[in-house]
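Okay, so here's the structure we're looking at.
The values are calculated or read from the model by the stated rules, or taken from the named source; none is laboratory data. Keep in mind that what you see is a predicted model, and the values were worked out from it rather than measured. Neighbour counts run over all protein chains shown; Cβ positions are idealised from the backbone, glycine included. Quick note on the areas: whole protein, heavy atoms, side chains included, nothing else; ligands and nucleic acids left out. Shrake-Rupley method; radii C 1.70, N 1.55, O 1.52, S 1.80 Å.
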Amino acid sequence: MDLTRKLVVECLMKVESSGFSNLVLSSLLDNDKLTNQDKAFATNLFYGTIERKLTLNYILQKNLSKPVHKMDKEVVAILQTGLYQLLYMKSVPAYAAINQAVGLCPVFKKTSAKGLVNAVLRKSQNFDINKEHFKDRITELSVKYSISKDIVKIIDRDYSAQAEDILSAMFKTPKFTVKINNVKISQLDFEKLLEKNNIQYNKMPIDNALEILHSGSVTNIPGFKEGYFYVQGITSQYAVKAAGIKENDDVLDMCAAPGGKSFACAIELNNTGSVTSCDPNISRLKLINDGAKRLGLNNISTVQNSGEIYNPNLKKYNVIICDVPCSGIGIIPKKPDLRYKSMDKVVELAQLQNDILSTAVKYLKDNGIIVYSTCTINKQENEKVIDKFLKENSNFRLKTQHCPINNVINDGEKITFLSHLTDYDGFFVAVLEKVW
């Protein structure tokens, strides 16, 4: 019996019982009995099986008499992980994937399923999903790219000609990027520190940003404890850059937790001015306070506050960051659980986004700037929210953005990042300027 595969099956069952995959995986990787090679294999198998779940279940169902959702969850997880290895992990010999899957059955007290697992995996291993015929385009894309029909419908509606490219890019491994805290260290000195410790990196199109080629824990990267950097995607870093923050500005981050954009604002301010970071959840505010302390950023204060509700105790600000709650379609590669998320509350989300943006106006100084951003590519949450806002607020205009990242979509100063074009998160940024 292979311990690594056993632990992956256990973790998949935990996820099915409403566990978050990143938290479940963390518990798996804490196991002292696993080598670094084991952990890399487990991570690949765990996330890969989650990512391809709909495709795997579709293929398995072709060789099962009983509906997948009515089978014992242990057997389903064993079949899924076995088939994922057969179809997507070419480094694993077919006989090993099948034999290990069969061997797991008695471990989970499902000895009677050994024959079934053996037969189904052998029949399924050569299945080609690209040769399958589906009843309609939405079903085909949903099964082929293992993603909910709700999300497929949104992408096909908004980006029909690019839909398959967008969905395919959702299987790419996200870049591991960091923001350098130049309040404490320059980019050049941080690069020298990485080189001294034999850690490879790539420069990014934005200042004080690097892609780090490191597979271990972020806390083991030199400079973490000293607060020389923190993890942040390039698109989020760009959203703050787009605000044009100047030293001594007062900045309001309306939906701040876990704090990345607040930290970026504080760094842009060079520890001058002020950053007020809001979130309705006190425990999430603690994440911001802890992060600010590690980074040595003394100009951040936190306030328990809901972005859509006006708070008369807040003052007026030069810059307001509205990185609003959204459907998260743009960050699916980072959060595979989102692949199967229902989109039935998108209308409510768009209303919340409108409410937050309208509330932000009340806190803005004359000639102030509001940055509206989301980590989705759903136009209902992006362009349509901005268009509605501009119709209702004639004293605002879109500000020209000078984005240094190649291949973004710039539609009348509203910028969209599509992963297959930029290699970064799917993201949206609009910069609103109060003119009177």
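Expressed as a whole percentage, what fraction of the accessible surface of the chain belongs to carbon and sulfur atoms when a 1.4 Å probe is rolled over the protein heavy atoms? Percent of accessible area from carbon and sulfur atoms in the chain: 48.
Under a Gaussian network description of the chain, with springs only between Cα atoms under 10 Å, the residue in PRO325, PRO280, PRO312 that fluctuates furthest is PRO312. Considering only LEU210, LEU29, LEU86, the residue lying farthest towards the positive end of the dipole of the chain is LEU86, judged by Cα position with unit charges set on Cβ.
The trypsin sites (Lys or Arg not before Pro) of region 239-344 that meet both conditions, a loop assignment by DSSP and at most 13 other Cβ atoms within 10 Å of the site Cβ, are LYS246, LYS315, LYS316. Here the dipole of the chain is about 1180 debye; that uses its Cα centre as origin and unit charges on the Cβ of Lys and Arg (positive) and Asp and Glu (negative).
Residues in region 37-114 average 46 Å² of solvent-accessible surface per residue, probe 1.4 Å, ligands and nucleic acids excluded. Only protein heavy atoms count here; under a 1.4 Å probe, MET71 has an accessible surface of about 30 Å². Taking every protein chain into account, the accessible area of region 119-272 amounts to 45 square angstrom per residue (probe 1.4 Å).
Quick check on region 165-250: take the gyration tensor over C-alpha atoms, sort the square-rooted eigenvalues as a ≥ b ≥ c, and tell me if it's rounded (a/c under 1.5), prolate or oblate. Since a/c reaches 1.5 but b/c is at least a/b, the shape of region 165-250 is classed as oblate. What percent of all Cα-Cα pairs in region 85-167 falls into each 10 Å bin, going from 0 up to the bin containing the maximum distance? The distribution over region 85-167 is 16, 32, 26, 21, 6, given as percents. If you take every DSSP beta bridge fully contained in region 181-285, what fraction is antiparallel? Give it as a percent rounded to 5. Bridges in region 181-285 are about 50 percent antiparallel. Restricting to DSSP H runs of at least four residues, report the calculated mean residue ellipticity at 222 nm for the chain, -39500 (n - 2.57) per run over all residues, nearest 500 deg cm²/dmol. Only helices count here, giving -13000 deg cm²/dmol.
Quick one: net charge around ALA239, please, counting Lys, Arg +1 and Asp, Glu -1 for every other residue with C-beta under 9 Å from its C-beta. With Lys, Arg at +1 and Asp, Glu at -1, the neighbours total +1. Electrostatic bookkeeping for SER419 treats Lys and Arg as +1 and Asp and Glu as -1; over the other residues with beta carbon under 11 Å from its beta carbon, the sum is 0.
Here the chain carries DSSP beta bridges of which approximately 60% are antiparallel, counting only pairs with both residues inside.
Among beta bridges identified by DSSP and lying wholly in region 295-436, the antiparallel ones come to about 70 percent. Computed over the alpha-carbon pairs of region 256-410, the distance histogram in 5 Å steps reads 2, 8, 15, 19, 21, 18, 12, 4, 0 percent, short to long.
The equivalent ellipsoid that matches the C-alpha gyration tensor of region 393-436 spans semi-axes of 24, 9, 7 angstrom, in descending order.
Computed as a quarter of the hull surface, the mean projected area of the alpha carbon convex hull for region 205-330 stands at 8.4 nm². Look at the dipole of the chain built from charges on Cβ: of LEU60, LEU104, LEU390, the Cα furthest out on the positive end belongs to LEU104.
Size descriptors for region 1-159, from the alpha-carbon set: Rg then Dmax equal 15.9, 48 Å. With all protein chains kept in place, the per residue accessible area of region 293-436 amounts to 43 square angstrom at a probe of 1.4 angstrom. Which listed residue (THR49, GLN401, ALA169) has the Cα farthest towards the positive end of the charge dipole for the chain, taking +1 on Lys and Arg C-beta and -1 on Asp and Glu C-beta about the Cα centre? Of the listed residues, the answer is THR49. Charge dipole (Cα centre; +1 on Lys/Arg Cβ, -1 on Asp/Glu Cβ; no other charges) of region 240-394 amounts to roughly 300 debye.
Note on VAL347: accessible area is roughly 100 Å² with a 1.4 Å probe, heavy atoms of protein only.
Take the Kirkwood radius over Cα pairs of region 314-401, plug it into Stokes-Einstein at 20 °C and 1.002 mPa s, and you get 153 µm²/s for translational diffusion. If the segment from SER394 to ASN99 were pulled out straight at 0.36 nm per residue, it would be longer than the present Cα-Cα gap by 99.5 nm. Would you mind classifying region 229-293 by shape? Square roots of the alpha carbon gyration tensor eigenvalues, ordered a ≥ b ≥ c; an a/c under 1.5 is rounded, otherwise it is prolate if a/b is larger than b/c and oblate if not. In terms of gyration-tensor shape, prolate.
Would you work out if region 141-211 is rounded, prolate or oblate? Take a ≥ b ≥ c from the square roots of the eigenvalues of the alpha-carbon gyration tensor; rounded if a/c is under 1.5, else prolate when a/b is larger than b/c, oblate otherwise. Note, shape of region 141-211 comes out prolate. For LYS73 and LEU188, a Förster radius of 51 Å and the Cβ-Cβ distance give a FRET efficiency of 0.45, rounded to the nearest 0.05. Charge dipole of region 192-234 (Cα centre as origin; +1 on each Lys and Arg Cβ, -1 on each Asp and Glu Cβ, all else neutral): 100 debye, rounded to the nearest 20. The gain in end-to-end length when the ASN36 to HIS402 segment is fully stretched comes to 127.5 nm, 0.36 nm per residue minus the alpha carbon separation. All distinct Cα pairs of region 27-120 go into the 1/r average, and the inverse of that average, the Kirkwood radius, is 13.8 Å. The alpha-carbon atoms of the chain define a convex hull whose volume equals 150 cubic angstrom per residue.
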